Amino acid sequence: MTAPISTRAALTDANGAAHHVSHVPHSRTASQEAFEAAQRVLVGGVNSPARAFRGVGGTPVFIDRASGSRTYDIDGNDYIDYVLSWGPMILGHADPEVIEAVQAAVARGTSYGAPTLAETELAELVVEMVPGAEVLRLVSSGTEATMSALRLARAATGRDKILKFAGCYHGHADMLLAQAGSGVATFGLPDSPGVPAGTIADTLVAPYNDLAAVEAAFAAHGPDMAAVIVEPVAANMGLVLPVDGFLEGLRRLCDEHGTMLIFDEVLTGFRVAPGGAAAHYGITPDIVTLGKVIGGGLPLAAYAARREVMETVSPLGPMYQGGTLSGNPIATAAGIATLRKLRRPGLFDGIVERTVTLVEGIAAAAARHDIPVQTAHLGTLGGIFFAGGPVHDFATAKASDTDRYARVFHGLLLRGVAIAPSQFEAMFLSAAHSDADIADTLAAFDAVFADLSTAPDHHGYDRP
Ligand code: HOZ
């Protein structure tokens, strides 16, 4: 199939009637040319597979700039953005307070390789906000955080085995690339070549939300189990909420077996609640990993635990982990400005309210057009699956209609709304998304659903 990019015909329904359209798209020829040039010198034309549009087909949109709720592409189109750099931009793009803090930091130098006051200030904010985070180590990416958290769990327990859940994504460290979500799920990879069998020999995988499977794993391997690592709210296979008792069950089993419970809150931290999923569910993990929002859009992440566990880490303990750019002064400035503003009364609740309006509105629009959909929302995260029955784990997520997701994705993009270019990702909202943005987005969903139900072969929405 060819890729009909932006045509006015795509904005009419099967009978030629125009829908309410808040946005008239231009062509995307500049993006197409940019992608061709990029592919000559960058593998697949991208620096992270999740950006490659392989899950939906077509050419990635090249972004020129972003502000508030919107991204602007190099052809001059703009999009109400629900990707938000895959989560970090909780205040919206180019938030003035964050930009001011970053500019002030840049003017004082970009990296010192020595301690700064800002690192302590950011850590103090996190300790106040996040249950279980008593002492932190700042790193530069979520992958580094989860990789280090596992090393810590193994060092602190003297055990090797870890348990993860199918469809949960914890970055691309070798021992976590087993039945992973996010880009790994988008590309349908059970695991990755290049990961030695020995490296994942100690990685056990259970279905998300399946406490009986976890109990069985503990029955077989309890004395060897260093850690259970989980996205407390799974947000890398689409958005899948934990069923009642699942997280409590993990906590109990880990306590019974002397195993570290690691909450990977890279996506959910500061998003499910200001204190993350641990605060929302009232369950304190032994180790927590944070990323995305904590850096306000710059490369920064962290792992944290109670003091005696963190004392395993060098320079206090024997477990080595370090990094030249860890706690970078520009990134910490962005993180501090972001977390400070996020704590302002009413700000977080406003994002949550608009998330509810959006997700419930999508469900209502789908119902109007007889399109089976499963939606979920929690805090500032939303999710949609085109499925007739409940989605509670990776198997049910993968059984949803990814082709329909791709068509909806392209229909929305034509109407100036950007959701993730993969079924296996969440929707992210920010403080910059206004009521008008939500209304425009819902109008776009309604129009796309109308077209899909009346004209299933609508060319404008083909998966290229
Ligand atoms: N963890 C990100 C969202 N699932 C993926 C972003 C990326 O890999 O580029």
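The values are calculated or read from the model by the stated rules, or taken from the named source; none is laboratory data. Please read these numbers as outputs of a predicted model, since none were measured by experiment. Don't worry about glycine lacking a Cβ; one is built from the backbone with ideal geometry, like all the others, and counts go over all protein chains shown. The area values use the complete protein model at the heavy-atom level, side chains included, leaving out ligands, DNA and RNA. Shrake-Rupley method; radii C 1.70, N 1.55, O 1.52, S 1.80 Å.
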Residue that is farthest from D349 (Cα to Cα), among those in region 107-122 that are assigned to a helix (DSSP H, G or I) and open to solvent by 50 Å² or more (accessible area, probe 1.4 Å): L117
Pairs with Cβ under 7 Å, 6+ apart, first in region 251-276 and touching a residue at least 24 places away in the same chain (Cβ under 8 Å), second acidic (D, E) and away from the ligand (no atom under 15 Å from the Cβ): L253/E215; M260/D286; L261/D286; I262/D286
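Inspect all residues belonging to region 418-429 and state whether any of them is part of a helix (DSSP H, G or I), aromatic (F, W, Y) and at pLDDT 95 or above.
There is no residue in region 418-429 that is part of a helix (DSSP H, G or I), aromatic (F, W, Y) and at pLDDT 95 or above.
When you look at L267, is it under 17 Å from H170 (Cα atoms) and not polar (S, T, N, Q), yes or no?
Working: under 17 Å from H170 (Cα atoms): yes; not polar (S, T, N, Q): yes.
Judged against the criteria, L267 is a match.
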Options G245, G238, G258: the member that is within 16 Å of the ligand (Cβ to nearest atom) and on the phi > 0 side of the Ramachandran plot: G238
Any hit, region 123-136, residues being open to solvent by 30 Å² or more (accessible area, probe 1.4 Å), touching a Ser or Thr at 6+ places or on another chain (Cβ under 7 Å) and either farther than 22 Å from V272 by Cα or at pLDDT 95 or above (or both): yes
Filter pass, I294 being within 16 Å of V127 (Cβ to Cβ) and under 14 Å from the mean Cα position of the chain (by Cα): yes
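At least 2 residues that are among the small types (G, A, S) and either in contact (Cβ under 8 Å) with a residue 60 or more places away in the chain or closer than 22 Å to G87 by Cα (or both) in each: list the helices (runs of 4 or more DSSP H) lying fully within region 284-373 that qualify.
Working: elements: 307-310, 329-342, 347-368.
Result: 329-342, 347-368.
Step by step: first the residues of region 413-434, then only those that are farther than 24 Å from G167 by Cβ, of a type outside the set (S, T, N, Q) and within 23 Å of the chain's Cα centre (by Cα), then the one that is farthest from the ligand (Cβ to nearest atom). Which residue is that? Can you show your working first?
Initially, region 413-434 is screened for residues farther than 24 Å from G167 by Cβ, giving 413-417, 430-434.
Narrowing further to those that are of a type outside the set (S, T, N, Q): 413-417, 431-433.
Narrowing the set further to residues that are within 23 Å of the chain's Cα centre (by Cα) leaves 413, 416-417, 431-433.
Values: L413: 18, G416: 22, V417: 19, A431: 20, A432: 20, H433: 19 Å.
Step by step, filter region 413-434, then rank; the result is G416.
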Scope region 387-412; condition among the hydrophobic types (A, V, I, L, M, F, W, C) and open to solvent by less than 10 Å² (accessible area, probe 1.4 Å); matching residues: A397, A406, V408, F409, L412
Strands (runs of 3 or more DSSP E) (entirely within region 203-269) containing at least 2 residues that are open to solvent by less than 10 Å² (accessible area, probe 1.4 Å) and modelled with pLDDT of 95 or more: 225-230, 260-265
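For the subset of region 262-291 comprising residues that are out of contact with any His (no Cβ under 6 Å at 6 or more places or on another chain) and of a type in the set (D, E, K, R), which member is nearest to A153 (Cα to Cα)? If you could, list the steps in order and put the result at the bottom.
Initially, region 262-291 is screened for residues out of contact with any His (no Cβ under 6 Å at 6 or more places or on another chain), giving 262-263, 265-271, 274-291.
Those still in the list that are of a type in the set (D, E, K, R) too: 265, 271, 286.
Working: E265: 16, R271: 25, D286: 9 Å.
Looking at residues that are out of contact with any His (no Cβ under 6 Å at 6 or more places or on another chain) and of a type in the set (D, E, K, R), I get D286.
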Residue tally, condition within 17 Å of R28 (Cα to Cα), over 22 Å from the mean Cα position of the chain (by Cα) and β-branched (V, I, T), over region 39-80: 1
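Could you run through region 388-411 and say how many residues are free of Cβ contacts under 8 Å to residues at least 40 places away in the same chain and either in contact with a Lys or Arg (Cβ under 7 Å, 6 or more places away or on another chain) or within 27 Å of H280 (Cα to Cα) (or both)? Spell out how you get there, then give the answer.
So the first thing to find is which residues in region 388-411 are free of Cβ contacts under 8 Å to residues at least 40 places away in the same chain, and the list is 388-390, 396, 399, 401.
Of the ones still in play, those that are also either in contact with a Lys or Arg (Cβ under 7 Å, 6 or more places away or on another chain) or within 27 Å of H280 (Cα to Cα) (or both) are 389-390, 396.
Final tally of qualifying residues: 3.
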Among (1) closer than 18 Å to V139 by Cα; (2) not in a helix (DSSP H, G or I) - the single one A273 does not satisfy: (1)
Evaluation of L442 against (1) buried (at least 23 other Cβ atoms within 10 Å of the Cβ); (2) more than 20 Å from Y208 (Cα to Cα); (3) not acidic (D, E) (one fails), failing number: (1)
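Which is within 16 Å of the ligand (Cβ to nearest atom), open to solvent by 20 Å² or more (accessible area, probe 1.4 Å) and under 22 Å from F270 (Cβ atoms), of S140, S192?
Working: S192 fails: under 22 Å from F270 (Cβ atoms).
Answer to the selection: S140.
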Residue check, A185 within 15 Å of the ligand (Cβ to nearest atom) and assigned to a helix (DSSP H, G or I): yes
Any chance G181 is surrounded by 18 or more Cβ atoms within 10 Å (Cβ to Cβ) and at positive phi: no
Within region 155-176, tally of residues that are within 16 Å of the ligand (Cβ to nearest atom) and either crowded, with 23+ Cβ neighbours inside 10 Å or in a strand (DSSP E or B) (or both): 8
